[in-house]
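*Asks:* Encoded as structure tokens, here's the structure I'll be asking about.
The values are calculated or read from the model by the stated rules, or taken from the named source; none is laboratory data. All figures in this text were calculated on a predicted structure; none of them were measured in a lab. So basically every Cβ, Gly included, is an ideal-geometry build from the backbone, and we count neighbours across all protein chains shown.
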Amino acid sequence: MKANCWYGKNDMRVEDVPDPEILNPRDAIVRVTLTAICGSDLHLYHGFVPTLEKGDILGHEFMGEVVEVGTGVKNLKPGDRIVVPFCIACGNCFFCQRQLFSLCENSNPNAPEAELLWGHSPAGLFGYSHLTGGYAGGQAEYVRVPFADNCHVKIPDNVTDEQSLFLGDIFPTGYMAAENCNIQPGDTIAVWGCGPVGQMAIRSALLLGAERVIAIDSVPERLRMARDGRAETINYAEVNSVLEALKEMTGGRGPDACIDAVGMEADGHGLQYSYDRAKQAMMLETDRPIALRQAFLACRNGGTVSVPGVYGGFIDKVPFGSVMNRSITIKTGQTHVQRYMRPLLERIERHEIDPSFVITHRMKLEEAPEGYDLFAKKEDDCIKVVLSP
Ligand SMILES: [Zn+2]
Ligand SMILES: [Zn+2]
């Protein structure tokens, strides 16, 4: 089959690789009909995530048709059309029982490596380095889905591939970010970053009852899309101070909650490096932690900072005194996608939202390397690329 493989910094290649096979009774094989490039794939593309190996198949946002199931999968059959969540979860363990699917303790075979860096291991993820399991991703013609009985949502005929694809990542990710803000009537939510996750967070905050959403970015077409979604916008390149602008827009008090949809994965130098080395690596990423620091400082007293943006290691100069003295709540985590897929599919079926609004580029799987390049450089007004095998 054809698959989009990582070969190093800015080096993606579509290659012929062996077809995946059922390895465990709870596996399924899916023929991919649509897949996407996620903003967090760019950190892999840029070489910022350790433990990737040459030839690894990327992609954690995909859907398709079930072609084969293991003997342990009772709720799927060949021909079923499904979206697969990016986090692999067994459905039975301590964390899955608590709906904390991205923390499943049975899906990361490389947990000891993750424990070295993070203290404990999160779940395995599709196409996202060996630190999170080394699973082949979905930017391919076929993919093996482990724990398939707990890692899918079936899509009805009246919902298209483009409408449902993002149930596997960015829609639940933006939605959980908004849900973590504990939105009350009248609330104003500020969102840093108007990439795909930021766009989903903006619309989710409004779905969840926010009165106002203020979106912060510098890319004109992203700001335009945010305004199309009923956000007010701040172009941070055009104001002296984002903090002052937000104060002015909120009567001096600050937003009730702030969402950092920018993130940072600058832990690019491997697990074995010392803390100081990691810290040094973070210092190279000068612009990224600015969003999180601003979010902490901008948030009103007693408010919440919600972080869907992906962080890899250590961050420097976090104004924790501000967080403590002003009673700021921090909520974050990899999305517990399985918890959201069905309810958000229902919102799509009720026409409350059509997540396909975010798609700007439709390409063939063979064109994945060009797609990464376009998305990374934000050329041609690129906000979201989908790929068809
Ligand atoms: Zn993603
Ligand atoms: Zn589990």
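*Asks:* Six or more apart or on different chains, Cβ under 6 Å: which pairs go from a residue in the range 46-63 that's aromatic (Phe, Trp, Tyr) to one that's away from ligand 1 (no atom under 12 Å from the Cβ) and at pLDDT below 95? Could you list them?
*Replies:* Final answer for the pair search is 48/266; 48/268.
*Asks:* Would you mention how many residues in the range 167-187 are of a type in the set (S, T, N, Q) and within 13 Å of ligand 1 (Cβ to nearest atom)? Talk me through it step by step, then tell me what you get.
*Replies:* Residues of the range 167-187 of a type in the set (S, T, N, Q): 173, 180, 182, 184.
In the following step, the residues that additionally are within 13 Å of ligand 1 (Cβ to nearest atom) were identified as 173.
Here the count works out to 1.
*Asks:* I've got another one for you. Can you tell me which residue within the range 328-346, out of those that are part of a helix (DSSP H, G or I) and crowded, with 17+ Cβ neighbours inside 10 Å, is farthest from the chain's Cα centre (by Cα)?
*Replies:* My answer is 345.
*Asks:* Looking for something on the phi < 0 side of the Ramachandran plot and among the polar types (S, T, N, Q) - is there at least one such residue anywhere in the range 58-72?
*Replies:* yes
*Asks:* Okay, next question. Please find, within the range 299-334, the residue that is modelled with the highest pLDDT out of those that are aromatic (Phe, Trp, Tyr) and over 17 Å from residue 103 (Cα atoms).
*Replies:* Of the residues in the range 299-334, the ones aromatic (Phe, Trp, Tyr) are 311, 314, 320.
Of the ones still in play, those that are also over 17 Å from residue 103 (Cα atoms) are 314, 320.
Values: 314: 77, 320: 93.
The qualifying residue modelled with the highest pLDDT is 320.
*Asks:* I need the full set of residues from the range 47-64 which are crowded, with 24+ Cβ neighbours inside 10 Å and in a strand (DSSP E or B), in order please.
*Replies:* The answer is 62, 63, 64.
*Asks:* Being of a type outside the set (D, E, K, R), in contact with a Ser or Thr (Cβ under 8 Å, 6 or more places away or on another chain) and more than 16 Å from ligand 1 (Cβ to nearest atom) narrows it down to one of 96, 90, 104, so name that one.
*Replies:* So the residue among 96, 90, 104 that is of a type outside the set (D, E, K, R), in contact with a Ser or Thr (Cβ under 8 Å, 6 or more places away or on another chain) and more than 16 Å from ligand 1 (Cβ to nearest atom) is 90.
*Asks:* Residue under question is residue 90, and the condition is that it be within 15 Å of ligand 2 (Cβ to nearest atom), assigned to a loop (DSSP other than H, G, I, E, B), more than 18 Å from residue 166 (Cα to Cα) and in contact (Cβ under 8 Å) with a residue 24 or more places away in the chain; does it hold?
*Replies:* In short, yes.
*Asks:* Here is a list: 67, 14, 83. Which entry is away from ligand 1 (no atom under 16 Å from the Cβ), in a strand (DSSP E or B) and touching a helix residue (DSSP H, G or I) at 6+ places or on another chain (Cβ under 8 Å)?
*Replies:* 14 is the lone residue from the list that is away from ligand 1 (no atom under 16 Å from the Cβ), in a strand (DSSP E or B) and touching a helix residue (DSSP H, G or I) at 6+ places or on another chain (Cβ under 8 Å).
*Asks:* Which members of the range 245-256 meet the condition of being within 10 Å of residue 298 (Cβ to Cβ) and in a helix (DSSP H, G or I)?
*Replies:* So in the range 245-256, the residues within 10 Å of residue 298 (Cβ to Cβ) come out as 245-247, 250, 254-255.
Of everything in the range 245-256, those that are within 10 Å of residue 298 (Cβ to Cβ) and in a helix (DSSP H, G or I) turn out to be 245, 246, 247.
*Asks:* While we're looking at this one, here's another question. Could you say whether any residue in the range 61-72 is more than 20 Å from residue 166 (Cα to Cα), within 16 Å of ligand 2 (Cβ to nearest atom) and over 16 Å from the mean Cα position of the chain (by Cα)? Steps first, answer last, please.
*Replies:* From the range 61-72, those more than 20 Å from residue 166 (Cα to Cα) are 67-72; that's our starting set.
Next, from what is left, pick out any that are within 16 Å of ligand 2 (Cβ to nearest atom): 72.
If we keep only those that are over 16 Å from the mean Cα position of the chain (by Cα) as well, we get 72.
Yes; the residues of the range 61-72 include at least one that is more than 20 Å from residue 166 (Cα to Cα), within 16 Å of ligand 2 (Cβ to nearest atom) and over 16 Å from the mean Cα position of the chain (by Cα).
*Asks:* May I ask you to list the residues in the range 144-198 that are among the hydrophobic types (A, V, I, L, M, F, W, C), more than 20 Å from the chain's Cα centre (by Cα) and either modelled with pLDDT under 95 or away from ligand 2 (no atom under 16 Å from the Cβ) (or both)?
*Replies:* Hits for the range 144-198 are 155, 159, 183.
*Asks:* Please list, ordered by first then second residue, the pairs with beta carbon atoms under 7 Å, 6 or more apart or interchain, first in the range 229-253 and over 20 Å from residue 197 (Cα atoms), second of a type in the set (S, T, N, Q) and part of a loop (DSSP other than H, G, I, E, B).
*Replies:* As it stands, the answer is 237/218, since those pairs meet every condition given.
*Asks:* Give the range 311-327 a look and list any residue that's within 12 Å of residue 292 (Cβ to Cβ) and either under 14 Å from the mean Cα position of the chain (by Cα) or crowded, with 20+ Cβ neighbours inside 10 Å (or both), or say none.
*Replies:* Once the filter is applied, which keeps residues that are within 12 Å of residue 292 (Cβ to Cβ) and either under 14 Å from the mean Cα position of the chain (by Cα) or crowded, with 20+ Cβ neighbours inside 10 Å (or both), the range 311-327 yields only 311.
*Asks:* Test residue 153 against the criterion of being closer than 15 Å to residue 62 by Cα, within 16 Å of ligand 1 (Cβ to nearest atom) and touching a strand residue (DSSP E or B) at 6+ places or on another chain (Cβ under 8 Å), and give yes or no.
*Replies:* Spelling it out, it is not the case that residue 153 is closer than 15 Å to residue 62 by Cα, within 16 Å of ligand 1 (Cβ to nearest atom) and touching a strand residue (DSSP E or B) at 6+ places or on another chain (Cβ under 8 Å).
*Asks:* Report the residue count in the range 27-41 for those that are in contact with a strand residue (DSSP E or B) (Cβ under 6 Å, 6 or more places away or on another chain) and either part of a loop (DSSP other than H, G, I, E, B) or under 10 Å from residue 138 (Cβ atoms) (or both).
*Replies:* 7
*Asks:* Check 75, 24 and return the single one that is within 16 Å of ligand 2 (Cβ to nearest atom), touching a residue at least 12 places away in the same chain (Cβ under 8 Å) and part of a loop (DSSP other than H, G, I, E, B). First the steps, then the outcome.
*Replies:* Details: 75 fails: within 16 Å of ligand 2 (Cβ to nearest atom).
The unique qualifying residue is 24.
*Asks:* Can you tell me how many residues in the range 360-389 are buried (at least 17 other Cβ atoms within 10 Å of the Cβ) and under 16 Å from residue 165 (Cα atoms)?
*Replies:* So the answer is 9.
*Asks:* Scanning the range 170-212 for residues that are charged (D, E, K, R) and not in a loop (DSSP other than H, G, I, E, B), which turns out surrounded by the most Cβ atoms within 10 Å (Cβ to Cβ)? Can you show your working first?
*Replies:* Initially, the range 170-212 is screened for residues charged (D, E, K, R), giving 179, 187, 203, 211-212.
Those left that are additionally not in a loop (DSSP other than H, G, I, E, B): 179, 203, 212.
On the way: 179: 19, 203: 25, 212: 18.
Among them, the one singled out is 203.
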